[in-house]
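The values are calculated or read from the model by the stated rules, or taken from the named source; none is laboratory data. These numbers were taken from a predicted model, which means no experiment stands behind them. Neighbour counts run over all protein chains shown; Cβ positions are idealised from the backbone, glycine included.
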Amino acid sequence: NRCSKRNRIYFCIVCRCQAEKYRSDLPKASIIICFYNEAWSTLIRTVHSVLNRTPAQLLHEIVLVDDASELAHLQAKLAEYLWSLHPNITLVRLPDRQGLIRARLYGAHVATGEVLVFLDSHCEVNKQWLEPLLAKVADSRRTIAIPVIDMINSGTFEYKESSLVKGGFNWGMHYTWEHLPQDYFKDERSYIEPIETPTMAGGLFAVNRQYFREKGEYDPGLDTWGGENLEISFRFWQCGGRLEIIPCSRVGHVFRQRRPYGSPGGGDSMLRNSVRVARVWMDDYIQYFFQVQPAAASIDYGNITARIDLRKKLECKPFQWYLRIIYPEQVIPDKDHGRSRNLPPKYKAKFKRGGPIKNKETGLCIVSEDEVPVRNSLLTLGSCDIQKKYQVWNETEDKELMLVYNLCLDAQDGMRKNVYAKLGKCDGMKRTQAWVWSIKNYVYQLYNPTSGKCLAPVKDGDKYHLTLEICTLNNKLSAFMMEER
Ligand code: UDP
Ligand code: MN
């Protein structure tokens with residue numbers, strides 16, 4: 001058994017997936033690829049990989065939706081190229097820029113296959129990518145089937161597998177990656193099992209076309225880019241659908257450093273879109289979004305009555321249900337406030353995992369400034385030396401990072417200007433001591449949901465101190481990782 005000889009999880013997954021057999025009566029798929037000013041090579045790589053790696057009997061058609069691109073190579077040259085390539089490719093051109101959400105809606109309306117499969121325009125689908133997605137949707141019409149998104153390096157275009165994670169979101173309404181519980185990988189049989197996920201990244205998924213329609217497709221009021229992934233995630237879960245990640249389906253995606261386009265109307269389409277999503281789906285929990293993004297409370301979000309009517313018509317469940325049942329890992333700032341009253345007199349933390357926390361940029365680890373950490377000790381970056389004591393941080397079930405018994409990483413003071421994060425007595429209240437690993441573009445940051453900020457070292461004379469800053473990938477110093485033991 002090759003699988004047990006290799007200890008790398010990825011090879012084990014590939015090995016097990018290759019042995020999987022899929023039913024012979026799989027439905028046919030319409031592959032929908034929207035693009036705006038995509039590079040020639042990446043667009044063509046996407047199309048060719050689909051043609052090469054999709055069994056002909058499963059490919060109903062490829063629908064390419066051009067969202068009014070201006071680049072010259074996407075005009076006649078592209079049409080001619082596709083014309084000679086394959087009979088079942090349709091290229092539709094939108095007369096003016098609609099943004100990715102309305103472009104996808106357009107593609108969905110043109111498509112006639114039983115299953116819709118959406119892809120970004122800079123992907124490479126992997127071997128046997130489609131069968132597991134179609135098998136899932138065929139077995140369960142209510143399920144959106146999501147491939148594992150592998151990484152294509154935007155500098156070298158190299159393809160690299162990524163690890164299994166779930167989708168979440170933070171109160172700033174950004175998509176986050178959620179780790180699977182550590183014991184998930186104890187049982188090899190679970191490696192290729194579909195994984196229920198609270199949210200999806202957005203670009204790549206398969207869904208029954210009719211069901212997609214019944215559940216309200218997409219909100220056509222969403223502009224340019226952003227927010228639609230949380231919208232469809234909340235809506236499907238709250239209204240009777242499901243979202244599952246299918247480990248045997250793998251699609252590479254080029255993660256770019258920045259998006260090479262702006263919004264036609266100017267402004268921040270992501271924030272405006274998120275407000276529409278939050279107002280329709282999140283009930284009272286919208287307050288946490290407004291706490292993190294105060295500008296969202298007063299933004300003009302257009303008319304949402306059609307979406308509210310849809311929610312009523314589909315008799316969708318409250319957001320509270322979604323958080324409780326589908327996303328119990330989410331930190332809810334207020335609910336957990338005041339919990340201290342109910343804490344047992346001697347609060348005992350349950351540990352999930354532990355290890356030194358390394359700063360990516362400097363290669364240094366988070367340590368206490370005082371040789372023996374005490375309450376109110378400031379934190380700094382020091383050489384990573386596992387032999388030394390006081391380098392191992394334990395993640396507790398309450399999302400704390402505990403350095404020594406009952407002393408936790410506390411953001412309290414770091415939220416004020418020029419004051420630093422420090423060690424505080426662990427309180428289990430999931431507020432200033434709650435830390436969530438947020439992953440964007442494969443950069444891990446330590447996010448504190450209560451403040452909506454990320455842990456970031458600042459240079460202070462010849463050493464560093466830890467403080468809290470608005471999360472941005474521009475600050476290279478804010479990238480950390482736990483060297484798990
Ligand atoms: N896209 C589009 N119209 C737009 C913006 C984006 O058709 O106004 C397409 C884009 O070409 C890509 C997909 O939508 O195929 C998703 O956008 P992008 O890849 O920029 O998002 P990311 O993957 O960075 O989240
Ligand atoms: Mn993309």
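At-a-glance table
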read-out	value
Selection from the stretch 37-94 of residues that are small (G, A, S) and at pLDDT 95 or above	A39, S41, S49, A56, A68, S69, A72, A76, A79
Filter pass, T143 being touching a helix residue (DSSP H, G or I) at 6+ places or on another chain (Cβ under 8 Å), at pLDDT 95 or above and surrounded by 20 or more Cβ atoms within 10 Å (Cβ to Cβ)	yes
Residue ID - nearest to ligand 2 (Cβ to nearest atom), chosen from residues in the stretch 135-163 that are small (G, A, S) and under 21 Å from I195 (Cβ atoms)	S162
D183 part of a strand (DSSP E or B) and either surrounded by fewer than 22 Cβ atoms within 10 Å (Cβ to Cβ) or more than 16 Å from ligand 1 (Cβ to nearest atom) (or both)	no
Close pairs from the stretch 203-216: first modelled with pLDDT under 95, partner in a loop (DSSP other than H, G, I, E, B) and acidic (D, E), Cβ under 9 Å, at least 6 apart	G203/D120
Identity of the residue in the stretch 392-447, basic (K, R) and part of a strand (DSSP E or B), that ends up surrounded by the fewest Cβ atoms within 10 Å (Cβ to Cβ)	K425
Subset of the stretch 77-113 that is charged (D, E, K, R) and more than 24 Å from D219 (Cβ to Cβ) - its residue that is surrounded by the fewest Cβ atoms within 10 Å (Cβ to Cβ)	E80
The stretch 110-134, residues that are within 16 Å of ligand 2 (Cβ to nearest atom), outside any loop (DSSP other than H, G, I, E, B) and charged (D, E, K, R)	E124
The stretch 95-141, subset among the acidic types (D, E) and closer than 25 Å to Q75 by Cα, residue nearest to ligand 1 (Cβ to nearest atom)	D120
Residues of the stretch 452-463 classified as surrounded by 22 or more Cβ atoms within 10 Å (Cβ to Cβ) and farther than 24 Å from P294 by Cβ, total	1
Residue match in the stretch 84-95 (condition: within 16 Å of ligand 2 (Cβ to nearest atom) and among the aliphatic types (A, V, I, L, M))	no
Odd one out for G155 among (1) part of a loop (DSSP other than H, G, I, E, B); (2) away from ligand 1 (no atom under 16 Å from the Cβ)	(2)
Where a residue in the stretch 60-84 is hydrophobic (A, V, I, L, M, F, W, C) and its partner, wherever it lies, is exposed (fewer than 13 other Cβ atoms within 10 Å of the Cβ), with Cβ under 6 Å and at least six apart	A68/D96
Y444 vs. criteria hydroxyl-bearing (S, T, Y), at pLDDT 90 or above and more than 20 Å from S368 (Cα to Cα)	yes
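Each row is one residue, and each column tells you yes or no for (1) within 16 Å of ligand 2 (Cβ to nearest atom); (2) closer than 24 Å to R307 by Cα.
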residue	(1), (2)
R242	no, yes
P247	no, no
R256	yes, no
P260	yes, no
G265	no, yes
M270	yes, yes
S274	no, yes
V277	no, yes
